[in-house]
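Asker: So that we are looking at the same thing, I have put the structure below in structure tokens.
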Amino acid sequence: MAPSENLPAKLPSHSGLASRRSFVKGLGIALPALSMLPRWGFAQDVAASYANAAINWKQFAGQTITLGGAIHPWTNAITPLLPDFTELTGIRVVPDFRLETTYLGALAIQLNRRDSTPDVFMYTTYGQGISGGWLEPLNAYYADKSLTDLAWYDEGDLLKTARTFPLWRDGERYAMPITSEAVTLFINGDALAAKNLSVPRTFEELLVTANAIKTDEMSGIAMRAQAGGNSSVPAMSFLFSYGGEMIKDNRAAFASPEAIAAIEMFGQLLSQAGPGGVSGYEWYHVLDDFLQRRTAMAIDSSNFATDISNPARSHVAGKTVFAAFPHVAGRTSVPFMSHWQACINSKSKHKRAAFLFLLWATSKPTSMLTAAAGLATTRVSAWSSEGFKKAFGAQAAEAALTNLQNADVDRAKAILFHPVSRPILDAFMIGVNEVVTGAKPAKIAMTNAAEKANAAIRG
């Protein structure tokens, strides 16, 4: 949602944001197709579209699958639709959703001991799952005409990053992307206007703004800084934007001069203008602070926009500036991006039913419904729908698209798909946390962190 109308002219709602036209061209999708996209005005139109698929939706009727996931915008959007899936297919879905950190920890234990459930689950540590034999290969399911109608599914409608993200180096797919997100800067427009400040574009400007905008009641900026891999997303965005990499030649690369400079800036921002106790912050602390006006700026997932734009939850709905991720002077910003993915348990007893669920959940009609709930899906048609723009906010969508465009998929995949990504990310964030708390200078903290990560890589 656009900033409030009383903001000064120096806060243009689309400053620094790429147009949808330029972004779609960057995805390799012909723009005229957007004008021909179906406009699903009513739920019954969406339901009717499933009948157009050359799929026997009832072929696994009577089976029950367990869906594992984090409490997340995707689970919030898909849960109300599960009864519709059951009505369509006869397959019962039992959801098991938990707080993200708890969920990811428990899931690894379940998969490692070869439990047959959950049958299908949200997943991030792709390399670990493939190396451990936990994930079911999916190419054969896509090729099975009794399960998949590729013309109806229309993979060409997927964002370019969503088409390439799940591909393993041998061309096999072990997952379906379910969301699209990139790290974004959120600003309380009223707080910015009160100080007559402009939207910061560089990291140096961000530091100056964060210190200028903070008050006794409101921190200048909030970001995740907890000493665990799940908090690594904003810090990795700094590292990438400074020209660094997390992994290079199968070694942790975050002791490089670029990485050290990035984390030094990250630490300065939070130590000088962050909230008290920020060293323990996870994403939900950041979001809550921003919604409740306890912080003037926040950096985290673009998916926060749904909550930020919801007046029932947010005190800054309609008053938030959604902006491009900052950059180093002379460089382009490189925010971290990712697609949450959903995978099938290689030990599931209901793999084909689980695949049918994934096909349904990521299809055009289902994506239209979840997008109308504010979910940033993987489909161009859903991103350009009026329902999504209304729920997510048109300016928030533009900012998210800009940050997705600027992101480097290969750098993100290098860490996310590494077989020991979790120990690497944990070591990285322990080092970042030490910088934020002032326990160690960036050079020492990140050198030690890289040594720990490389020890984990060597095994």
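The values are calculated or read from the model by the stated rules, or taken from the named source; none is laboratory data. As the structure is a computational prediction, the values presented were derived from the model and not from experiment. Backbone-built Cβ (ideal geometry, glycine too); neighbour counts: all protein chains shown. The protein model used for the area step is the full one, side chains on, heavy atoms only, and it has no ligands, DNA or RNA in it. Shrake-Rupley method; radii C 1.70, N 1.55, O 1.52, S 1.80 Å.
Asker: Counting only residues that are polar (S, T, N, Q) and without any contact (Cβ under 8 Å) to a residue 60 or more places away in the chain, which one in segment 111-165 is farthest from ASN56 (Cα to Cα)?
Answerer: Here is the first cut: in segment 111-165, the residues polar (S, T, N, Q) are 112, 116-117, 124-125, 128, 131, 139, 146, 148, 161, 164.
From the residues that got through so far, the ones that are without any contact (Cβ under 8 Å) to a residue 60 or more places away in the chain too are 112, 139.
Numbers: ASN112: 33, ASN139: 19 Å.
My answer is ASN112.
Asker: Can I ask one more? Can you tell me which residue within segment 136-179, out of those that are among the basic types (Lys, Arg) and under 23 Å from the mean Cα position of the chain (by Cα), is farthest from ASN345 (Cα to Cα)? Steps first, answer last, please.
Answerer: Kept after step one, since they are among the basic types (Lys, Arg), are these residues of segment 136-179: 145, 160, 163, 169, 173.
Subset that is under 23 Å from the mean Cα position of the chain (by Cα): 160, 163, 169, 173.
Details: LYS160: 26, ARG163: 21, ARG169: 20, ARG173: 13 Å.
Per the stated criteria, the residue is LYS160.
Matching residues to (1) out of contact with any Lys or Arg (no Cβ under 6 Å at 6 or more places or on another chain); (2) modelled with pLDDT of 95 or more; (3) within 25 Å of LEU291 (Cβ to Cβ):
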| position | (1), (2), (3) |
| --- | --- |
| MET1 | yes, no, yes |
| TRP40 | yes, no, no |
| VAL46 | yes, no, no |
| ALA53 | yes, yes, no |
| THR66 | yes, yes, no |
| ASN76 | yes, no, yes |
| ARG92 | yes, yes, no |
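Asker: Got at least one residue in segment 404-411 being surrounded by fewer than 23 Cβ atoms within 10 Å (Cβ to Cβ), among the basic types (Lys, Arg), touching a strand residue (DSSP E or B) at 6+ places or on another chain (Cβ under 9 Å) and in contact (Cβ under 8 Å) with a residue 60 or more places away in the chain?
Answerer: Yes - at least one qualifying residue is present in segment 404-411.
Asker: Here are some conditions: (1) touching a Pro at 6+ places or on another chain (Cβ under 9 Å); (2) within 25 Å of ILE444 (Cβ to Cβ). ASP300 meets all but one. Which one does it not meet?
Answerer: That leaves (2) as the condition not met.
Asker: Another question, if that's okay. Counting only residues that are in contact with a helix residue (DSSP H, G or I) (Cβ under 8 Å, 6 or more places away or on another chain) and either over 15 Å from ALA371 (Cβ atoms) or of a type in the set (Phe, Trp, Tyr) (or both), how many does segment 390-403 have?
Answerer: 5
Asker: When only residues in segment 315-332 that are open to solvent by less than 10 Å² (accessible area, probe 1.4 Å) and part of a loop (DSSP other than H, G, I, E, B) count, which is farthest from LYS390 (Cα to Cα)? Don't jump to the end; show me each part of the working.
Answerer: Narrowing segment 315-332 to residues open to solvent by less than 10 Å² (accessible area, probe 1.4 Å): 316, 320-323, 325-326.
With part of a loop (DSSP other than H, G, I, E, B) added as a condition, the list becomes 316, 325-326.
Values: VAL316: 16, PHE325: 23, PRO326: 26 Å.
Among those that are open to solvent by less than 10 Å² (accessible area, probe 1.4 Å) and part of a loop (DSSP other than H, G, I, E, B), it is PRO326.
Asker: Given the conditions (1) open to solvent by less than 10 Å² (accessible area, probe 1.4 Å); (2) over 12 Å from ALA442 (Cβ atoms), which single one is not true for ALA253?
Answerer: The number of the failed condition is (1).
Asker: Quick one: what pairs do we get from segment 223-250, first residue at positive phi, second among the charged types (D, E, K, R) and not in a helix (DSSP H, G or I), C-beta under 8 Å, 6+ apart or different chains?
Answerer: If the second residue must be among the charged types (D, E, K, R) and not in a helix (DSSP H, G or I), the pairs left are GLY243/ARG331.
Asker: Would you call ALA342 under 17 Å from the mean Cα position of the chain (by Cα), open to solvent by less than 50 Å² (accessible area, probe 1.4 Å), among the aliphatic types (A, V, I, L, M) and closer than 20 Å to LEU138 by Cα?
Answerer: yes
Asker: How many residues does segment 67-88 contain that are in contact with a Phe, Trp or Tyr (Cβ under 6 Å, 6 or more places away or on another chain), aliphatic (A, V, I, L, M) and not in a strand (DSSP E or B)?
Answerer: Number of matching residues: 2.
Asker: Does segment 287-298 contain at least one residue that is of a type in the set (A, V, I, L, M, F, W, C), assigned to a loop (DSSP other than H, G, I, E, B) and in contact (Cβ under 8 Å) with a residue 24 or more places away in the chain? Walk me through how you get there before you give the answer.
Answerer: Applying the first criterion (of a type in the set (A, V, I, L, M, F, W, C)) to segment 287-298 yields 287, 290-291, 296-298.
Remaining after also requiring assigned to a loop (DSSP other than H, G, I, E, B): 296.
Going one step further and asking which of them are in contact (Cβ under 8 Å) with a residue 24 or more places away in the chain, we end up with 296.
Yes; the residues of segment 287-298 include at least one that is of a type in the set (A, V, I, L, M, F, W, C), assigned to a loop (DSSP other than H, G, I, E, B) and in contact (Cβ under 8 Å) with a residue 24 or more places away in the chain.
Asker: Cβ-Cβ distance below 8 Å, separation of 6 or more or different chains: which pairs start in segment 64-83 with a residue that is within 17 Å of ALA305 (Cβ to Cβ) and end on one that is among the aromatic types (Phe, Trp, Tyr) and outside any strand (DSSP E or B)?
Answerer: HIS72/TRP340; TRP74/TRP340
Asker: Just for helices (runs of 4 or more DSSP H) wholly inside segment 361-420: which have at least 2 residues that are out of contact with any Pro (no Cβ under 9 Å at 6 or more places or on another chain) and closer than 21 Å to PHE336 by Cβ?
Answerer: On the way: elements: 364-372, 380-383, 386-392, 394-406, 409-416.
Once the helices (runs of 4 or more DSSP H) in segment 361-420 are filtered for at least 2 residues that are out of contact with any Pro (no Cβ under 9 Å at 6 or more places or on another chain) and closer than 21 Å to PHE336 by Cβ, what remains is 394-406, 409-416.
Asker: OK, next. Would you confirm, using the coordinates I've provided, whether ALA453 is more than 18 Å from the chain's Cα centre (by Cα), assigned to a loop (DSSP other than H, G, I, E, B) and small (Gly, Ala, Ser)?
Answerer: Numbers: more than 18 Å from the chain's Cα centre (by Cα): yes; assigned to a loop (DSSP other than H, G, I, E, B): no; small (Gly, Ala, Ser): yes.
It is false that ALA453 is more than 18 Å from the chain's Cα centre (by Cα), assigned to a loop (DSSP other than H, G, I, E, B) and small (Gly, Ala, Ser).
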